[in-house]
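Inspection log for the structure reproduced underneath, given as structure tokens.
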Amino acid sequence: MAQAAAARLITKIVDAQSARGTASVVLTGGRNGNALLAAIAASPARDAVDWSRLDLWWGDERFVPSDDPERNAVQARDELLDAVPVNPARVHEMPASDGVDGSDVEAAAARYAEELAKAAGPGDRTGVPAFDVLLLGVGPDTHVASLFPEHPGVRETERTVVGVRGAPKPPPTRISLTLPAIRAAREVWLLAAGEDKADAVALALSGPGELLAPASGVYGRSRTLWLLDRPAAAKIPPQLYPPASA
């Protein structure tokens with residue numbers, strides 16, 4: 001799954017840069033997100049990307065010190081970013097707990113929302129850029145980014161970024177894009193690999209609504225793509241499969 005997603009993402013970035021000169025991608029962490037970044041780093045096709053003309057954002061972040069190995073941004077640098085010539089000014093990390101806002105996670109979330117708003121174009125009415133691809137890992141509980149089932153963040157309809165407290169998985173304090181920000185992306189790709197994701201995938205695709213299954217409430221403006229391996233797809237009801245082509 002990681003290799004297939006890496007090939008698709010490289011192609012999408014190259015196509016966007018050919019069409020508009022630049023591209024923007026929202027990264028995700030976790031097992032599947034990091035595997036994707038590692039697959040890009042190992043791919044000879046990575047050199048087709050003009051890394052200096054790529055804006056990188058994050059869908060969520062653990063609100064811990066900037067050098068904490070649990071941070072998605074630290075892991076992304078280890079897996080890929082330190083190996084490619086990215087423009088540091090275009091790598092938009094979410095604030096850390098040792099940043100200018102200190103331990104105030106809401107202030108840190110508002111700061112990231114301001115950065116997104118400044119990067120948004122005149123036609124981007126949602127207050128965030130029109131990301132070319134927004135990547136999301138799907139958790140075993142169907143959470144995406146740091147939007148967990150029935151938590152306040154998944155109910156947010158106005159703000160683009162929120163502070164998350166009391167997350168059901170450590171660390172409990174996080175920063176996350178909201179559903180309105182996620183839905184502003186041109187394409188949203190959901191990644192899931194492994195049999196421990198099978199129940200979550202089946203539930204999300206059955207359409208229970210975002211409060212019960214946040215993964216069911218995310219979609220892109222032009223495309224929503226689920227990238228699964230066989231174990232993760234094992235419990236999808238047959239009626240949800242697309243019809244076979246003639």
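Taken residue by residue, the range 225-246 has no member that is touching a residue at least 12 places away in the same chain (Cβ under 8 Å), closer than 15 Å to Leu134 by Cα, open to solvent by 90 Å² or more (accessible area, probe 1.4 Å) and not aliphatic (A, V, I, L, M). In the set Ala41, Ala45, Ala73, Ala16, only one residue is over 18 Å from Leu190 (Cα atoms) and under 13 Å from the mean Cα position of the chain (by Cα); that residue is Ala73.
Sort out which residues of the range 133-142 are in contact (Cβ under 8 Å) with a residue 60 or more places away in the chain and either open to solvent by 20 Å² or more (accessible area, probe 1.4 Å) or not in a loop (DSSP other than H, G, I, E, B) (or both), and write them in order of number.
Step one: list which residues in the range 133-142 are in contact (Cβ under 8 Å) with a residue 60 or more places away in the chain, which gives 133-140, 142.
Scanning the range 133-142 gives Val133, Leu134, Leu135, Leu136, Gly137, Pro140.
Would you check which residues across the range 210-240 are closer than 21 Å to Pro180 by Cα, in a helix (DSSP H, G or I) and either in contact with an Asp or Glu (Cβ under 6 Å, 6 or more places away or on another chain) or of a type in the set (Ser, Thr, Tyr) (or both) and list them? Within the range 210-240, Ser216, Gly217 qualify.
Scanning the range 10-24 for residues that are surrounded by 22 or more Cβ atoms within 10 Å (Cβ to Cβ) and in contact with a helix residue (DSSP H, G or I) (Cβ under 7 Å, 6 or more places away or on another chain) yields a single hit, Ala23.
Take the residues in the range 215-224 that are under 22 Å from Leu116 (Cα atoms) and in contact (Cβ under 8 Å) with a residue 40 or more places away in the chain, then tell me which one is surrounded by the fewest Cβ atoms within 10 Å (Cβ to Cβ).
The first filter runs over the range 215-224 and keeps only residues under 22 Å from Leu116 (Cα atoms), leaving 217-224.
When the remaining residues are screened for being in contact (Cβ under 8 Å) with a residue 40 or more places away in the chain, the result is 217-218, 220-221.
On the way: Gly217: 20, Val218: 24, Gly220: 19, Arg221: 14.
Per the stated criteria, the residue is Arg221.
Sub-7 Å Cβ pairs linking a first residue in the range 30-52 that is at pLDDT 95 or above to a second residue that is among the basic types (Lys, Arg) and part of a helix (DSSP H, G or I), at least 6 apart or interchain, are Ile40/Arg46, ordered by first then second residue.
Taking the criterion of being at pLDDT 95 or above and of a type in the set (Val, Ile, Thr), the residues of the range 203-246 that qualify are Val218, Thr224.
The values are calculated or read from the model by the stated rules, or taken from the named source; none is laboratory data. Because the structure is a prediction, the values reported are computed rather than measured. Methodologically, a virtual Cβ is constructed for each residue, glycine included, from the backbone with ideal geometry; neighbour enumeration extends over all protein chains shown. Surface areas here come from the heavy atoms of the whole protein model, side chains and all, with no ligands, DNA or RNA. Shrake-Rupley method; radii C 1.70, N 1.55, O 1.52, S 1.80 Å.
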